[in-house]
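The values are calculated or read from the model by the stated rules, or taken from the named source; none is laboratory data. These numbers come from a predicted model, not from an experiment. With ideal geometry, Cβ positions are generated from the backbone for all residues, glycine too; neighbour counts draw on all protein chains shown. The area values use the complete protein model at the heavy-atom level, side chains included, leaving out ligands, DNA and RNA. Shrake-Rupley method; radii C 1.70, N 1.55, O 1.52, S 1.80 Å.
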Amino acid sequence: MSENMAPPPTTAVSNPPVEALAPNLGDGDIVLASATPNLPPPTRQLEKLAKLIDISKCIGCKACQSACIEWNDTHPEIGVNFGSYENPHDLSSEMFTLMRFNEYEDPETGNLDWLIRKDGCMHCEDPGCLKACPSPGAIVKYSNGIVDFIHDKCIGCGYCISGCPFDIPRMSPTKHVVAKCTLCSDRVSVGQGPACAKACPTQAIVFGTKDDMIAHAEERITDLNGRGYDHAALYDPPGVGGTHVMYVLPIGDKPELYSGLPADPKISDVVQGWKGPTKSVGMAAIGLAAVGAVLHSIFTKPNRVTEHDQVEAEEMVEDILGPVETAELATPQDEGKA
Amino acid sequence: MADREYSESSDRIIATEPVEVRRYAAHTRINHWFTAILIILLILSGFALFWPRLFFLTGIFGGGQNARFLHPIFGVVACLSFLLLFLQLWKLNLMRREDVVWASKITDLLAGHEERLPELGKYNLGQKLVFWGMFWLLLTMVASGLMIWQQFFPDLVSIPVRRWALLVHSIAAVLSVLVIIVHVYAAIWTRGTISAMTSGNVTGGWAWRHHRKWLREVARRQDSPPAE
């Protein structure tokens, strides 16, 4: 094994180097880890990476899906035709990316648009899955922006599914761990771009540094503007701090048209409330109650039965029952005691 | 048999010198402790998944995957067990007029002047609130718990509903722990209480001091001819 560390990839199109290179992603590159409040600071800052999906160039061939299955060695179920080109019908723990097809008739022009979007993990800068995850280190974010699931640490609770603003993670019903697009972190770590980008025949999927991808997107948007797509825009939603998978949307003012791509995604306030105040206020309240009980027991007298109470009880019982032999009162199961 | 307003049929005087009263039948006690053990397991496994610093508690159950698998099963069993307990206890836990008076004089109780409080049946307002509190909280937790039970009910509700279920489940869990702290501490602070759930019996003095109407009724019932 060479001592040389693989350089971070700047494109998906180049072929891999021949020499063996050490992976460039390690624990020192983790900037966020689930359920880990005292994460050691990263040892270096990697350049931010991004995948850019230019919807105007996509022809819906699904080469990306095939490449994803191939590289990740997943085995999606063989589907059935349900009247759409979407196949399989949804993302799954065996299908990390999915071409979603939507037919849209523009009310102004009457034109039919066939909108195709490659769905999958957006690799949020502020990942909702990671926020929701209760298992330390089961979801990590690297300083290059990749959000990855560490399957060994996943406990299968599905909290990440509720945390994600994009409805991406899927639970394996047999392995009981969640799965999603890794942005090919295993390929990136040895200097290669994601498999989907590598396979895309029209370069609709490109990969590189986030700065390069934004610059490339701007060129594409200028081009689209010149061809009548006045609202063409880059999709890099600020509500989740930006994403490391971005889209060029020809109809950029209506992202929902693209099979429900959220216009302003952010981590749900309900999830924030659950993971924030409920946890801190709740644990503080429990702590205070426990301490309060201990202090009360130390500084106040307990409520003790007095001799007087016992005498009163004897009198009351005697008044009602008259002098009764204890043995008479006892039922068979109490005989031993009486 | 005399009418029962404040006592269960199994409550009775089992000794007179000194007076001792049966408060909980064996099946009720077993039911109580079975529920208690399950709730302790639920707290350990649940709070491990709620607070990262307590995640190590999953080790008790054999790791995170096992804790995640077992928690909802404990929950369902605990709720069924509580249901049995509920069926035995709900009637005497219904609110009564004297509970309001009792509550208005709660400071006298804490100051050690229990004689200034009204005579009570088998339960005081605090005990009733613990009972109904656990009832509603467990109901909330089992309902919200089903919605977030990934392994068996992954598609029961939509993701936005599931987020609310997670929030509600965690708040109910925190509240139920507070109720349990009150329950356990009140049992300790009021000396002589715990034996009601261990041997099943309390002293006559305890019954006279805290639940006089109950003691009187139990004695009167015993005075009347045997049921057979």
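Return the residue satisfying two criteria in turn: it lies in the range A:211-240 and is in contact with a Lys or Arg (Cβ under 9 Å, 6 or more places away or on another chain) and not in a helix (DSSP H, G or I), and of such residues it is surrounded by the fewest Cβ atoms within 10 Å (Cβ to Cβ).
Only one residue fits best here, namely A:231.
Taking the options B:196, B:187, B:165, name whichever one is more than 8 Å from every other protein chain (Cβ to nearest Cβ), at pLDDT 95 or above, more than 19 Å from the chain's Cα centre (by Cα) and not in a loop (DSSP other than H, G, I, E, B).
B:165
Scan the range A:268-288 residue by residue and report those that are within 7 Å of chain B (Cβ to nearest Cβ), part of a helix (DSSP H, G or I) and over 18 Å from residue B:53 (Cβ atoms).
A:270, A:271, A:273
Would you confirm whether any residue within the range B:50-58 is in a helix (DSSP H, G or I), in contact (Cβ under 8 Å) with a residue 60 or more places away in the chain and farther than 30 Å from residue A:307 by Cα?
Within the range B:50-58 (the criterion being in a helix (DSSP H, G or I), in contact (Cβ under 8 Å) with a residue 60 or more places away in the chain and farther than 30 Å from residue A:307 by Cα), the answer is yes, since at least one residue qualifies.
Which members of the range A:6-28 meet the condition of being of a type outside the set (Ser, Thr, Tyr) and within 20 Å of residue A:211 (Cβ to Cβ)?
Answer for the range A:6-28, where residues must be of a type outside the set (Ser, Thr, Tyr) and within 20 Å of residue A:211 (Cβ to Cβ): A:7, A:8, A:9, A:12, A:13, A:24, A:25.
Determine whether the range B:25-40 contains at least one residue that is crowded, with 19+ Cβ neighbours inside 10 Å and touching a strand residue (DSSP E or B) at 6+ places or on another chain (Cβ under 6 Å).
No, that holds for no residue.
Would it be correct to say that residue A:265 is at pLDDT 95 or above, in contact with a helix residue (DSSP H, G or I) (Cβ under 8 Å, 6 or more places away or on another chain) and either buried (at least 18 other Cβ atoms within 10 Å of the Cβ) or more than 7 Å from chain B (Cβ to nearest Cβ) (or both)?
In short, yes.
Looking at the structure I just gave you, is residue A:162 out of contact with any strand residue (DSSP E or B) (no Cβ under 9 Å at 6 or more places or on another chain), within 14 Å of chain B (Cβ to nearest Cβ) and in contact (Cβ under 8 Å) with a residue 24 or more places away in the chain?
For residue A:162, the condition - out of contact with any strand residue (DSSP E or B) (no Cβ under 9 Å at 6 or more places or on another chain), within 14 Å of chain B (Cβ to nearest Cβ) and in contact (Cβ under 8 Å) with a residue 24 or more places away in the chain - is met.
Hey, residue A:171 hits all of (1) within 11 Å of chain B (Cβ to nearest Cβ); (2) modelled with pLDDT under 95 but one; which does it fall short on?
Result: residue A:171 fails condition (2) only.
Going through the range B:100-120 one residue at a time, which ones are within 13 Å of chain A (Cβ to nearest Cβ) and without any contact (Cβ under 8 Å) to a residue 24 or more places away in the chain?
Scanning the range B:100-120 gives B:106, B:107, B:108, B:109, B:110, B:111, B:112, B:113, B:115, B:117.
Looking at A:48, A:62, which one is assigned by TED's automatic domain parsing to the domain that holds residue A:158 and without any contact (Cβ under 8 Å) to a residue 40 or more places away in the chain?
One residue alone meets the criteria, A:62.
On the basis of being open to solvent by less than 60 Å² (accessible area, probe 1.4 Å), out of contact with any Pro (no Cβ under 8 Å at 6 or more places or on another chain) and polar (S, T, N, Q), does residue B:140 make the cut?
Yes, satisfied.
Take the range A:142-172 and flag every residue that is more than 24 Å from residue A:46 (Cα to Cα) and in a loop (DSSP other than H, G, I, E, B).
Residues satisfying the conditions are A:154, A:155, A:156, A:157, A:158, A:164, A:165, A:166, A:167, A:168, A:169, A:172.
Scan (1) of a type in the set (Val, Ile, Thr); (2) more than 9 Å from chain B (Cβ to nearest Cβ); (3) in a helix (DSSP H, G or I); (4) farther than 30 Å from residue B:53 by Cα for the single condition residue A:251 breaks and write down its number.
Unmet condition: (3).
State whether one or more residues within the range A:197-207 are of a type in the set (Phe, Trp, Tyr), more than 30 Å from residue B:150 (Cβ to Cβ) and touching a residue at least 40 places away in the same chain (Cβ under 8 Å).
For the range A:197-207, residues of a type in the set (Phe, Trp, Tyr), more than 30 Å from residue B:150 (Cβ to Cβ) and touching a residue at least 40 places away in the same chain (Cβ under 8 Å): present.
State yes or no: is residue B:149 in a loop (DSSP other than H, G, I, E, B), aromatic (Phe, Trp, Tyr), more than 7 Å from chain A (Cβ to nearest Cβ) and within 27 Å of the chain's Cα centre (by Cα)?
Here the answer is yes, as residue B:149 does meet what is asked.
Is there any pair linking a residue in the range A:295-324 that is closer than 27 Å to residue B:182 by Cβ and more than 8 Å from chain B (Cβ to nearest Cβ) to one that is part of a helix (DSSP H, G or I) and open to solvent by 40 Å² or more (accessible area, probe 1.4 Å), with Cβ under 8 Å and at least six apart or on different chains, and which?
none
Give the range B:78-119 a look and list any residue that's within 21 Å of residue B:191 (Cβ to Cβ), in a loop (DSSP other than H, G, I, E, B) and either modelled with pLDDT of 95 or more or open to solvent by 50 Å² or more (accessible area, probe 1.4 Å) (or both), or say none.
Scanning the range B:78-119 gives B:105, B:111, B:113, B:119.
Anything in the range B:11-24 that is open to solvent by less than 40 Å² (accessible area, probe 1.4 Å) and assigned to a loop (DSSP other than H, G, I, E, B)? List them, or say none.
Those that are open to solvent by less than 40 Å² (accessible area, probe 1.4 Å) and assigned to a loop (DSSP other than H, G, I, E, B): B:11, B:23, B:24.
Can you tell me which residues in the range B:128-156 are among the basic types (Lys, Arg) and touching a Gly at 6+ places or on another chain (Cβ under 7 Å)?
None - no residue of the range B:128-156 is among the basic types (Lys, Arg) and touching a Gly at 6+ places or on another chain (Cβ under 7 Å), so the list stays empty.
Check residue A:142 against each of (1) away from every other protein chain (no Cβ under 12 Å); (2) open to solvent by 10 Å² or more (accessible area, probe 1.4 Å); (3) under 10 Å from the mean Cα position of the chain (by Cα); (4) over 28 Å from residue A:254 (Cβ atoms) and name the one condition it does not meet.
Result: residue A:142 passes all but (3).
Let's see how each residue does on (1) at pLDDT 95 or above; (2) within 9 Å of another protein chain (Cβ to nearest Cβ); (3) surrounded by fewer than 16 Cβ atoms within 10 Å (Cβ to Cβ); (4) assigned to a helix (DSSP H, G or I):
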{"residue": "B:156", "(1), (2), (3), (4)": "yes, no, yes, no"}
{"residue": "B:172", "(1), (2), (3), (4)": "yes, no, no, yes"}
{"residue": "B:176", "(1), (2), (3), (4)": "yes, no, no, yes"}
{"residue": "B:180", "(1), (2), (3), (4)": "yes, no, no, yes"}
{"residue": "B:215", "(1), (2), (3), (4)": "yes, yes, no, yes"}
{"residue": "B:219", "(1), (2), (3), (4)": "no, yes, no, yes"}
{"residue": "B:226", "(1), (2), (3), (4)": "no, no, yes, no"}
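Consider the range A:176-186. How many of its residues are within 10 Å of another protein chain (Cβ to nearest Cβ) and part of a loop (DSSP other than H, G, I, E, B)?
2
Of all the strands (runs of 3 or more DSSP E) wholly in the range A:1-111, which have at least 3 residues that are loosely packed, with under 14 Cβ neighbours inside 10 Å?
Passing ranges: none, list empty.
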